[in-house]
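Everything below concerns the one structure shown next.
The values are calculated or read from the model by the stated rules, or taken from the named source; none is laboratory data. Quick caveat, the model's predicted, so the values are computed rather than measured. Here the Cβ is made from the backbone with ideal geometry for all residues, glycine too, and neighbour counts use every protein chain on show. Side chains are part of the model used for accessible areas, which takes the heavy atoms of the whole protein and leaves out ligands, DNA and RNA. Shrake-Rupley method; radii C 1.70, N 1.55, O 1.52, S 1.80 Å.
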Amino acid sequence: MATVCILQAGAAATSMLPGVGLGVGGCHDCRPDASGASSTKTNAPPSSGGVGGGGKRSSGFDLSSNGFLRPPRIPRLPPNIVRQLSIKARRNCSNIGVAQVVAASATDRPSLDAAISTLPQSADVLEVQQQLGSSAHATDGGAAATSTFVIDSTLLSQAIAATTTTPSCNNGSLPVEKSKPMTRGTLAVHGGERTGRRDVRDALITPICQTSTYFFKDTAELIAFQEGTHTSFEYGRYGNPTTNAAEEKISALEGAEATLLSASGMCVTTTMLLALVPAGGHIVTTTDCYRRTRQFIQTVLPKMGITTTVIDPADISALQHALETKNVSLFFSESPTNPYLRCIDVELVSKLCHTHGVLVCIDGTFATPVNQQALALGADLVLNSATKYLAGHNDVLAGSLSGSKKCLTPVRALHNVLGGVLDPNAAYLILRGLKTLSIRVRQQNATALKLAQTLEAHPKVARVHYPGLESHPEHNIAKLQMSGFGGVVSFEIVGDLETTSRFIDGLRIPYIAPSLGGCESLVEQPTIISYWDQTPEERAKLGIKDNLVRFSCGIEDSEDIFHDIMQSLDAM
């Protein structure tokens, strides 16, 4: 675009030069008359030569024998014009502005020389001066040769601004500079960003807002922000447009009023517990849960005088007893749980807890909002390790907490203090992953259900843990509150720790790795990957068996997954 601008500007300026025409003979103002002959101004100087006629001036236009008007010939440009234009003229020039400046250089050259002389003598200015030096001098009897001007519009604008004067405050007797041009160093900091920045709202994909802080145009706007009459962001720890978009998408999926994204699932879990459970408070949780959550509840919270009652996920009577005898602040459990996929009756638990003024938070990581709507079932908060299904590509660490603004307000306030901020690049990846959440989860649901049914009938598998099976202890609850049973299947191999390890090593498709919910299938032996630091007795107390396998189905073709598992079982 800059090249087109300069070419158009140069053509417009050249047409303004006295004695310079677009015809080869240099005619200034030639028009064909009705008879076909050229009519030339008598005051134009004669040409010393030219194509088509001795010392005779040729017309800028040629009428061919058939009566059609032949356009003037285009002057040849220097061979390096493309390079010059690409180097000096791509800086957002204006057709009209540059044309006017070039025209002024031909008719009033001393003014332009004076203007350029006011600029700092940088290499750019010197180049402009050299290009304007002798290229437009008159030749051949006063007719100026056609010239090519390669001009930096920014430099010329600065030159003009430097010569523009306004009355001074000293009675207007002395001229003063209208504005002092910024130096290259300052322009490197502010150019293109301080003013005129576009708010990119027409981009199809939410852009990554990679900034740590935000500015206000003046103090009045800052005060308006502090008083709540102006909407903006303030500091990266308190919010980010990209992260905010991801939060809003998760809120829409969960049917929540608000969502808070944090740096990891454990970060949002610990922040939530610290914010909602007061010193000396009491928590009710379940036996089967993620190990690090259990570790935080049982080792860190007691330092603040917070106690815990641990119940079986299906033991409603134990929950009722705790609510009646303890000063319970919060009920917290996964559903389905990790790794045995036990299910909480979310609706019943919520009714009981709310009767006693107790908040309910459900970790729905294994279910996802596609399979289960915990808030609609009565929970106050739903938590997700967004690392898993929400992001869905095994490339992000993040955690989300969704619920009412009232419940989230104290959690967000503590989050702003602790600083477990999600990077905007991770928020962008979560936005990308959420777009395919539904189709991924449906595929994983179908694969896992068929796999669970197949494994349950296999002689080398002792037991299968999957909510979609009738043998699961909470199958009826899962049917009522889940539209799909998830992509994770846990099962016990017939054999000991070594036999189970051989089965895992014989698999070809899944990676041996922690985590779940991504596009790739993952497999783990919990005894080794999560509880290897515990003694066999300690693992048995926690319900972790040496022959337990947790298989997270990816989005590979289900037949390939079945064939791989069967061949490894047969090879044991």
Check: Residues in the range 425-450 that are charged (D, E, K, R) and either under 21 Å from Gln210 (Cβ atoms) or within 19 Å of the chain's Cα centre (by Cα) (or both): how many?
Finding: 2
Notebook entry, point to check: So which pairs qualify, if the first residue must be in the range 309-333 and farther than 25 Å from Lys541 by Cα and part of a helix (DSSP H, G or I), the second must be of a type outside the set (A, V, I, L, M, F, W, C) and open to solvent by 70 Å² or more (accessible area, probe 1.4 Å), the Cβ gap must be under 9 Å, and the two must be at least 6 apart or on different chains?
Noted result: Leu323/Thr355; Leu323/His356; Glu324/His356
Checklist line | Members of the range 518-542 found to be part of a loop (DSSP other than H, G, I, E, B) and either open to solvent by 20 Å² or more (accessible area, probe 1.4 Å) or among the hydrophobic types (A, V, I, L, M, F, W, C) (or both), listed by number | finding: Cys519, Glu520, Ser530, Trp532, Asp533, Gln534, Thr535
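This table checks each residue for (1) farther than 26 Å from Gly364 by Cβ; (2) touching a residue at least 40 places away in the same chain (Cβ under 8 Å).
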position: Leu469; (1), (2): no, no
position: Gln481; (1), (2): no, yes
position: Thr500; (1), (2): yes, yes
position: Phe562; (1), (2): yes, yes
Notebook entry, point to check: If you check Ala256, Ala246, which single one turns out to be of a type outside the set (D, E, K, R) and assigned to a helix (DSSP H, G or I)?
Noted result: Ala246
Checklist line | Selection from the range 381-397 of residues that are crowded, with 23+ Cβ neighbours inside 10 Å and under 20 Å from Val411 (Cβ atoms) | finding: Leu381, Val382, Leu383, Asn384, Ser385, Ala386, Thr387, Leu390
Checklist line | Residues of the range 492-517 that turn out to be assigned to a helix (DSSP H, G or I) and over 18 Å from Gln567 (Cα atoms), as a count | finding: 1
Next item on the list: Only residues that are open to solvent by 10 Å² or more (accessible area, probe 1.4 Å), outside any helix (DSSP H, G or I) and either on the phi > 0 side of the Ramachandran plot or among the charged types (D, E, K, R) (or both): list them for the range 460-491, please.
Entry: Lys460, Arg463, Glu470
Note to self: Testing Leu422 on (1) in a helix (DSSP H, G or I); (2) closer than 26 Å to Leu381 by Cβ; (3) within 22 Å of the chain's Cα centre (by Cα), one condition comes back false. Which one is that?
What the structure shows: (1)
Next item on the list: Return yes when Arg412 is out of contact with any Asp or Glu (no Cβ under 7 Å at 6 or more places or on another chain), surrounded by 17 or more Cβ atoms within 10 Å (Cβ to Cβ), closer than 18 Å to Asn244 by Cα and of a type in the set (Lys, Arg) and no when it is not.
Entry: yes
Note to self: Given the options Glu538, Glu556, Glu520, Glu524, name the one that is of a type outside the set (Ser, Thr, Tyr) and touching a Lys or Arg at 6+ places or on another chain (Cβ under 8 Å).
What the structure shows: Glu524
Check: Scanning the range 289-335 for residues that are aromatic (Phe, Trp, Tyr) and open to solvent by 10 Å² or more (accessible area, probe 1.4 Å), which turns out nearest to Ala379 (Cα to Cα)?
Finding: Tyr290
Notebook entry, point to check: With (1) more than 21 Å from Ala263 (Cα to Cα); (2) not in a loop (DSSP other than H, G, I, E, B) as the list, and Gly228 as the residue in question, which single condition is left unmet?
Noted result: (2)
Notebook entry, point to check: How many of the residues in the range 492-506 are out of contact with any Leu (no Cβ under 6 Å at 6 or more places or on another chain) and open to solvent by less than 20 Å² (accessible area, probe 1.4 Å)?
Noted result: 4
Margin query: Checking Gln453 against (1) closer than 30 Å to Ser212 by Cβ; (2) part of a helix (DSSP H, G or I): exactly one of these is not met. Which one?
Written below: (1)
Item checked: Unmet requirement for Thr229, which otherwise passes all of (1) at pLDDT below 95; (2) open to solvent by 100 Å² or more (accessible area, probe 1.4 Å); (3) out of contact with any strand residue (DSSP E or B) (no Cβ under 6 Å at 6 or more places or on another chain) -> (1)
Checklist line | Hey, Lys405 closer than 23 Å to Asn338 by Cβ, open to solvent by 40 Å² or more (accessible area, probe 1.4 Å), over 20 Å from the mean Cα position of the chain (by Cα) and not hydroxyl-bearing (Ser, Thr, Tyr) or not | finding: no
Item checked: Lone qualifier among Gly281, Gly255, Gly228 - being free of Cβ contacts under 8 Å to residues at least 24 places away in the same chain and more than 23 Å from the chain's Cα centre (by Cα) -> Gly228
Next item on the list: For the range 206-225, name all the residues that are free of Cβ contacts under 8 Å to residues at least 12 places away in the same chain, in a loop (DSSP other than H, G, I, E, B) and closer than 23 Å to Ala245 by Cβ.
Entry: Phe215
Next item on the list: Sort out which residues of the range 261-281 are crowded, with 21+ Cβ neighbours inside 10 Å and either among the small types (Gly, Ala, Ser) or part of a strand (DSSP E or B) (or both), and write them in order of number.
Entry: Leu261, Ser262, Gly265
Note to self: Please go through the range 340-374 and give me each residue that is open to solvent by 30 Å² or more (accessible area, probe 1.4 Å) and either part of a helix (DSSP H, G or I) or of a type in the set (A, V, I, L, M) (or both), ordered by number.
What the structure shows: Glu347, Leu348, Lys351, Leu352, His354, Thr355, Leu359, Val370
